[in-house]
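Q: A single structure is presented below for examination.
The values are calculated or read from the model by the stated rules, or taken from the named source; none is laboratory data. Quick caveat: nothing in here was measured; it's all calculated off a predicted structure. Cβ sites come from the backbone with ideal geometry, for glycine too, and all protein chains shown count toward neighbours. For accessibility, only protein heavy atoms count, side chains too; no ligands or nucleic acids. Shrake-Rupley method; radii C 1.70, N 1.55, O 1.52, S 1.80 Å.
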Amino acid sequence: MTEQPAPANPEGDEPIKQRKNGLYPGVSDELAENMKSGWADTELRNLQPVEQAPHAARRRAALSARFPGERLVVPAGNLRTRSNDTEYAFRASTEYAHLTGDQTHDGVLVLDPVDDGHTTTLYLLPRSDRENGEFWLDGQGELWVGRRYSLAESEQLLGAECRDVRKAADELAAAAGPVRIVRGHDAGLEEALADRLDADRDEELRIFLSELRLVKDEFEIGQLQAAVDSTVRGFEDVVKVLDKAEATSERYIEGTFFLRARVEGNDVGYGSICAAGPHATTLHWVRNDGPVRAGELLLLDAGVETHTLYTADVTRTLPVSGRFTELQRRIYDAVYDAQEAGIAAVRPGAKYRDFHDAAQRVLATRLVEWGLVEGPVERVLELGLQRRWTLHGTGHMLGLDVHDCAVARRESYVEGTLEPGMCLTVEPGLYFQTDDLTVPAEYRGIGVRIEDDILVTESGSRNLSAALPRTADDVESWMARLKG
Ligand code: GLY
Ligand code: MN
Ligand code: MN
């Protein structure tokens, strides 16, 4: 990669990262003058609003109604340094993306209170200045990182007034009245407003925005389905290259899925879990550096994130060789039955916990039947003894975040009631650790999870990931077909 322009005489110059918005030494006056002019007007006119714009406006109206008379600040977040002058890939904060449809780093959404609600302002980085050389001499200049939308263009795309983000901190600090900010995304802005902020009040804002995402609208459901559809193709890609993974490592699986995520979407929605053999018993195995061996299982938990940042979260546990052994199948079938019971419990009006309880009951029953834990089942469930092998909750809300709505209040989420438009995963599992002396040796090192993305509908539920086979027989014939 190319370094930023070097000064002619680096001796004594301040570090390159500090030389923002000004000419670097070593640039002749003639060159500086030359670079200012001779550029075409590329302003885009008559742009259509982004598809999210009306949905984002509706969400901002709900936010406005909840906090009348208060100034509300929702930052997108800033770039984070990876090393020296390179940055991590940027992913806008979920709250900002949900309320704006925009994903620009450093962006700040501000709702200013007025008599009958709020006005909306989006503070964004404008186009790079040609006069001061910023566009070609600053590391964030457009010549280095690509053209940005002008503020006027962004106004057309996003349907809100746009202002220069470099004025945001001063303008917000100067504005009178109460202010709340979504914390954790923009330390500079939080510092600028520090003496006006209150942690509890800010948390109320974050909780409200988390709960605002509990029920998805039609646009969001379409995006979740698109994320799942790409994910299904990614799983097919992986099955087709399993022999190459056997010759290399779990990384081949991670890379194969990632290719699909980057070509069809923005990214993966979370680190892909490509867990072969005993790694499947580690719930979030993302090192993905182990061998893939015939005869063992591959637990693949992965999701494509769309360009609008909605993610799928799907798991399949596949026999690497294409056929389950008898014991693998027995464990797989137990997890499948648990998942079926869980999915059947997803419907409007059901308690959120019902699907978890239904799945746990099936798993506890099997564990008792296999003699791994002493019954009766009611006792096992009461004491939670099955959890030695089931380990995690049976699912979670899904949306812009893989674990969406994570700061919603208990009464609206884990102790709440399912409503049409909610989308959740149902993902029971059984995990027998390699060092678990309480189970027969042949169980050790086997981990199975099956995870699907389930939308609550008016009449029941819809499995968005139904295109991927789930029964052991269907998995085997699907793999045989794809492996050729
Ligand atoms: N992939 C993380 C989860 O299933 O919750
Ligand atoms: Mn998952
Ligand atoms: Mn999940």
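Q: Among the residues of region 304-333, how many are of a type in the set (A, V, I, L, M) and within 20 Å of Ser465 (Cβ to Cβ)?
A: Matching residues across region 304-333 total 5.
Q: Would you mention how many residues in region 185-214 are in a loop (DSSP other than H, G, I, E, B), closer than 17 Å to Tyr96 by Cα and open to solvent by 50 Å² or more (accessible area, probe 1.4 Å)?
A: Looking only at that region, the number is 1.
Q: Same structure again: Please specify each residue of region 286-313 satisfying the condition of being within 16 Å of ligand 3 (Cβ to nearest atom) and either touching a residue at least 24 places away in the same chain (Cβ under 8 Å) or crowded, with 23+ Cβ neighbours inside 10 Å (or both).
A: Result: Leu299, Leu300, Asp301, Ala302, Gly303, Val304, Glu305, Tyr310, Thr311, Ala312, Asp313.
Q: Go through region 58-153 and tell me which strands (runs of 3 or more DSSP E), entirely inside it, have 1 or more residues that are basic (Lys, Arg) and farther than 24 Å from Ala199 by Cα.
A: Once the strands (runs of 3 or more DSSP E) in region 58-153 are filtered for at least 1 residues that are basic (Lys, Arg) and farther than 24 Å from Ala199 by Cα, what remains is 81-83.
Q: Kindly list, by first and then second residue, each pair from a residue in region 383-405 that is on the phi < 0 side of the Ramachandran plot and in contact (Cβ under 8 Å) with a residue 40 or more places away in the chain to a residue that is within 11 Å of ligand 1 (Cβ to nearest atom) and of a type in the set (Phe, Trp, Tyr), limited to pairs with Cβ atoms under 7 Å and residues at least 6 apart or on different chains.
A: Val402/Tyr270
Q: So which of Phe219, Phe258, Phe208, Phe235 is among the aromatic types (Phe, Trp, Tyr) and in contact with a His (Cβ under 6 Å, 6 or more places away or on another chain)?
A: Of the residues listed, the single one that is among the aromatic types (Phe, Trp, Tyr) and in contact with a His (Cβ under 6 Å, 6 or more places away or on another chain) is Phe219.
Here's the yes/no breakdown for (1) within 20 Å of the chain's Cα centre (by Cα); (2) under 17 Å from Lys216 (Cβ atoms); (3) within 13 Å of ligand 3 (Cβ to nearest atom); (4) aliphatic (A, V, I, L, M):
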| residue | (1), (2), (3), (4) |
| --- | --- |
| Leu367 | no, no, no, yes |
| Trp370 | no, no, no, no |
| Pro376 | no, no, no, no |
| Glu382 | no, no, no, no |
| His392 | yes, no, yes, no |
| His396 | yes, yes, yes, no |
| Tyr413 | yes, yes, no, no |
| Phe432 | no, no, no, no |
| Asp436 | no, no, no, no |
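Q: Within region 374-430, how many residues are closer than 25 Å to Arg444 by Cα and at pLDDT 95 or above?
A: Looking only at that region, the number is 24.
Q: Further, regarding this structure: Looking at region 314-331, which of the residues that are more than 16 Å from ligand 2 (Cβ to nearest atom) and outside any loop (DSSP other than H, G, I, E, B) is surrounded by the fewest Cβ atoms within 10 Å (Cβ to Cβ)?
A: Glu326
Q: If you take the residues in region 247-275 that are hydrophobic (A, V, I, L, M, F, W, C) and either open to solvent by 10 Å² or more (accessible area, probe 1.4 Å) or more than 16 Å from ligand 2 (Cβ to nearest atom) (or both), which one is nearest to Gly395 (Cα to Cα)?
A: Within region 247-275, the match that is nearest to Gly395 (Cα to Cα) is Val268.
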